[in-house]
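Encoded as structure tokens, the structure appears first; notes follow it.
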């Protein structure tokens, strides 16, 4: 067994010039549906243990069907690594949860704030480390991606930015995104080719400002109207037994409930319509800001494409809901009659178990539909809308970086902050 | 004769793409560049198929840290490589076999986890409970009490959650204290009791860790004698004495840990964990309730109360309300319980626990609303 890698000056021999800008996604929806449906059944049977294998399969599918200049990506991670990372994460988190429990005994309410803070930082830490794992398991043309930078630093920055985002009702979100993305991309490498991010927070703000006004202004107005409708002195004076309705009138609580309800309905409608638009704006802005050395990415993503993806999801989810209702409702009526002869205790167990199984099956159904429509749909339309220039750079990238440990993935999984 | 065909080679050191001729020799595969240089020479038994799109056979060198890759699109050539190399697995048969193994082991692991949840966790909780210091139990009780209060206290009537604090209810509170004092003194627990009558319409009583006993208003309303009420409370004192509340918390924590953290929120929601808890706790409550019944009978006998009153009271609530309130649902079949209580209760002479005036006051402990 001899490899001549080291002795052959690579760029000279039989180098094939890559086609300019060609980005394609070759994945068909049918095999992806099959993969997910198969996975959902196994997830249910194994109470979720199968998720490491399903995640790996999904990534392999997405990665290997994504082509740049005629060459597809390769996901080199394995389910075994994910399982190991998860077990390590459990070993780290168990004592932490035990510590939270003990602290809760001593500190009371303060401890939940402390726990929230620690878990938020840990969540961002996990996200960054998980990104490192995914990058180092992504190979293209025989060279892997990798990521440098301190995950703790990222976690603290992310925490501070998110606190700012929350306290400004989301107005700072574009700047937070652009800063954090800059941090991530500055530390991202394809071989020895360093990445960077050139998306401007101000541009994102301009594009998203209308969305922000459409959600936050009605929210603030609704909140103020609700609070002003309430007569606080009457409210603090609790009513006696029967005069509940007159008390509701007098305290203005009835009016306040109307305002709050209207605001809620508006926000719900806005969420359904505006979220896909928001997603389209952010995705286009994000991909158009990606750079690797001289490689420049631009996106032609159209809003209608993203809206179409979500419309398909809503359609499938609706059909699934109808089908699920057609099975669950008669079941819920018949089951208590069938088990009528049993003692009260087994009966309770049987009905609870049946309800549990129905719940899990329905939740898995929605998640499968979401993955097959939204996840695959967005991946496809984002990938196919990309234009990449200066791909000639790909002829001179040297391999660098080592595979990273899967602990970050495990932590992200255990903390439920995973991504793809 | 060597079979050969076109391929694409990436050497793993740079990202440069090489068009090569793949030659299949007797026991090695060679990737030769256009100028005749051999770029790779891999033994068939060290070949490895790596993920690739449909229609492309992508090969690597197993166990190598370098990501050198050879891609073959020619079908005939790919078949020929597959024939020669054992590890090359284009049909995915080997992968499928391994996957089935994984699934079988996952199912076994699931069964074992459920087994631990059903039999292991209660055992561990039972062993651990006596080791929990009373100071910790009291702190735990305070936390859970605050939470229970927040869930039960609906403020629907605008009156306070606790009964016995208004001027009209004061005498009822005094009578309740008189009854509780007898029970508490006779019980001689290492930890003070915190009994409360709360404005809840159901005929029920709840015990929390740390000696908190909630007697629901519905129970007071339905009781026809002090002995009946005292019987149920004595049963609840049994839960305090056996530290059942603490054990339940430990069990719940154990089950949350098993199903929550270990298995992950794969459908996003604690509902599964919650339901699992309910089922498992129902499953092991029978022995616990019987033990509390025995304790209740013992305590009632010790204060010269009528130990049989508990049984009578249970039968009456079971007969009138359907479907039964919670105390009956997760309690063993009422008739069996009453039979056991009747057998345990001796025929020692009894004395009234409260006089007529006190009992009348206690009955109206929640009368303010």
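Inside the stretch A:378-420, residues that are within 13 Å of chain B (Cβ to nearest Cβ), farther than 28 Å from residue B:12 by Cα and part of a loop (DSSP other than H, G, I, E, B) make up a count of 4. Evaluation of residue A:7 against the conditions (1) at pLDDT below 90; (2) part of a loop (DSSP other than H, G, I, E, B); (3) in contact with a helix residue (DSSP H, G or I) (Cβ under 9 Å, 6 or more places away or on another chain) shows that the sole unmet condition is (3). The set of residues in the stretch A:60-69 that are at the interface with another protein chain (Cβ under 9 Å from one of its Cβ atoms) and either assigned to a helix (DSSP H, G or I) or surrounded by fewer than 20 Cβ atoms within 10 Å (Cβ to Cβ) (or both) comprises A:60, A:61, A:63, A:64, A:67. Residue A:31 passes every criterion in (1) within 9 Å of another protein chain (Cβ to nearest Cβ); (2) within 23 Å of residue B:67 (Cα to Cα); (3) in contact (Cβ under 8 Å) with a residue 24 or more places away in the chain apart from (2).
Evaluate the following for residue A:74: is it touching a helix residue (DSSP H, G or I) at 6+ places or on another chain (Cβ under 7 Å), farther than 24 Å from residue A:414 by Cα and facing chain B (nearest Cβ under 9 Å)? So residue A:74 passes the test. Scoring residue B:33 on the criteria (1) within 8 Å of chain A (Cβ to nearest Cβ); (2) at pLDDT below 90 leaves a single failure, condition (2).
Taking strands (runs of 3 or more DSSP E) as the structural unit, no element lying wholly within the stretch B:26-125 holds at least 1 residues that are in the same structural domain as residue B:245 (by TED's automatic domain parsing). When you check residue B:179 against the structure, is it assigned by TED's automatic domain parsing to the domain that holds residue B:245, surrounded by 14 or more Cβ atoms within 10 Å (Cβ to Cβ) and either touching a strand residue (DSSP E or B) at 6+ places or on another chain (Cβ under 6 Å) or in contact (Cβ under 8 Å) with a residue 40 or more places away in the chain (or both), yes or no? Answer is yes for this residue. Check whether at least one residue in the stretch B:232-245 is modelled with pLDDT under 85 and crowded, with 22+ Cβ neighbours inside 10 Å, and report yes or no. Scanning the stretch B:232-245, I find at least one residue that is modelled with pLDDT under 85 and crowded, with 22+ Cβ neighbours inside 10 Å, so the answer is yes.
Of all residues assigned to the stretch A:138-149, at least one qualifies as being surrounded by fewer than 19 Cβ atoms within 10 Å (Cβ to Cβ), modelled with pLDDT of 90 or more and more than 14 Å from chain B (Cβ to nearest Cβ).
The selection criterion, being within 43 Å of the chain's Cα centre (by Cα), modelled with pLDDT under 85 and over 30 Å from residue A:25 (Cβ atoms), holds for residue B:113. Picking from residues in the stretch B:12-26 that are out of contact with any strand residue (DSSP E or B) (no Cβ under 6 Å at 6 or more places or on another chain) and farther than 18 Å from residue A:70 by Cβ, the one that is farthest from the other protein chains (Cβ to nearest Cβ) is B:26.
Scanning the stretch B:40-76 for residues that are at negative phi, within 45 Å of the chain's Cα centre (by Cα), more than 10 Å from every other protein chain (Cβ to nearest Cβ) and surrounded by fewer than 18 Cβ atoms within 10 Å (Cβ to Cβ) gives B:48, B:62. Taken together, the residues in the stretch B:353-366 that are within 43 Å of the chain's Cα centre (by Cα) and in a loop (DSSP other than H, G, I, E, B) amount to 5. Entry remark, the stretch A:376-407: residues being under 26 Å from residue A:40 (Cβ atoms) and either surrounded by fewer than 18 Cβ atoms within 10 Å (Cβ to Cβ) or touching a helix residue (DSSP H, G or I) at 6+ places or on another chain (Cβ under 7 Å) (or both) number 7 in total. Here residue A:153 fulfils each of the conditions (1) over 21 Å from the mean Cα position of the chain (by Cα); (2) farther than 23 Å from residue A:414 by Cβ apart from (2).
The values are calculated or read from the model by the stated rules, or taken from the named source; none is laboratory data. Note that the structure is predicted; figures quoted are calculated from it, not measured. So basically every Cβ, Gly included, is an ideal-geometry build from the backbone, and we count neighbours across all protein chains shown.
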